[in-house]
1. So, SER46, is that one touching a helix residue (DSSP H, G or I) at 6+ places or on another chain (Cβ under 8 Å) and in a helix (DSSP H, G or I) or not?
2. Among the listed residues LEU75, LEU96, LEU45, which satisfies the condition of being modelled with pLDDT under 80 and not charged (D, E, K, R)?
3. Filter segment 22-42 for residues that are exposed (fewer than 15 other Cβ atoms within 10 Å of the Cβ) and not in a helix (DSSP H, G or I); which is modelled with the highest pLDDT?
4. Just to be sure, is ALA103 at pLDDT below 80, among the aliphatic types (A, V, I, L, M) and assigned to a helix (DSSP H, G or I)?
5. Is there any pair with a first residue in segment 2-22 that is within 11 Å of ILE95 (Cβ to Cβ) and a second that is at pLDDT below 80 and β-branched (Val, Ile, Thr) whose Cβ atoms are under 6 Å apart and which are 6 or more apart or on different chains, and what are they?
6. State all residues of segment 28-49 that are under 13 Å from the mean Cα position of the chain (by Cα) and either of a type outside the set (Ser, Thr, Tyr) or on the phi > 0 side of the Ramachandran plot (or both); if no residue qualifies, say none.
7. Within segment 83-95, which residues are in contact (Cβ under 8 Å) with a residue 40 or more places away in the chain and in contact with a Lys or Arg (Cβ under 9 Å, 6 or more places away or on another chain)?
Amino acid sequence: MNKLLLETLIKIFALISSLYTVSFIENVRFFIRSFLKEEFSDQILSEYFIKFNNYFNEYVEKSDQYKSKDEIYKLLEQIVNDVKHELNQADRILILMGYPVIARKVLTLQDEISSKSNGI
């Protein structure tokens, strides 16, 4: 797997996790650790796990900047657009295939968060 593709996926997972920090984060960390462990060396696992945590912390700190669905969607678009010209066609297809699913999941999580914070 291309390192740029992996980094992009890590950013997207960090964004999703930052929206639902209470219980979702540990599941995502477990998934990332399991996935990286199967595919990469311990050094790569450590490197990208640190990157995930850094991105996660960055998104949590900036969470007040993307409270609406449109702002979250724009951030997802920015993440993808930043790398689309640097990835080969196969890697772009992987992101494009997963992008709508990821976007829907993020927006669903945002609805759940809004409902909980509004006491609904």
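1. Numbers: touching a helix residue (DSSP H, G or I) at 6+ places or on another chain (Cβ under 8 Å): no; in a helix (DSSP H, G or I): yes.
So SER46 fails the test.
2. On the way: LEU75 fails: modelled with pLDDT under 80; LEU45 fails: modelled with pLDDT under 80.
From the options LEU75, LEU96, LEU45, the qualifying one is LEU96.
3. SER41
4. Numbers: at pLDDT below 80: yes; among the aliphatic types (A, V, I, L, M): yes; assigned to a helix (DSSP H, G or I): yes.
Yes, satisfied.
5. If the second residue must be at pLDDT below 80 and β-branched (Val, Ile, Thr), the pairs left are ILE12/ILE102.
6. Here is the first cut: in segment 28-49, the residues under 13 Å from the mean Cα position of the chain (by Cα) are 28-29, 31-32, 48-49.
Residues satisfying the conditions are VAL28, ARG29, PHE31, ILE32, PHE49.
7. Of segment 83-95, the ones in contact (Cβ under 8 Å) with a residue 40 or more places away in the chain are 83, 86-88, 91, 94-95.
Within segment 83-95, VAL83, ILE95 qualify.
Okay, residues lined up against (1) of a type in the set (A, V, I, L, M); (2) surrounded by 17 or more Cβ atoms within 10 Å (Cβ to Cβ):
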residue	(1), (2)
ILE44	yes, no
TYR59	no, yes
LYS62	no, no
LYS74	no, no
ASP82	no, no
LEU87	yes, yes
ALA90	yes, no
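The values are calculated or read from the model by the stated rules, or taken from the named source; none is laboratory data. Note that the coordinates shown come from a computational prediction; the quantities given were computed from them, not determined experimentally. As a convention, Cβ positions derive from the backbone with ideal geometry for all residues, glycine included, and neighbour counts pool all protein chains shown.
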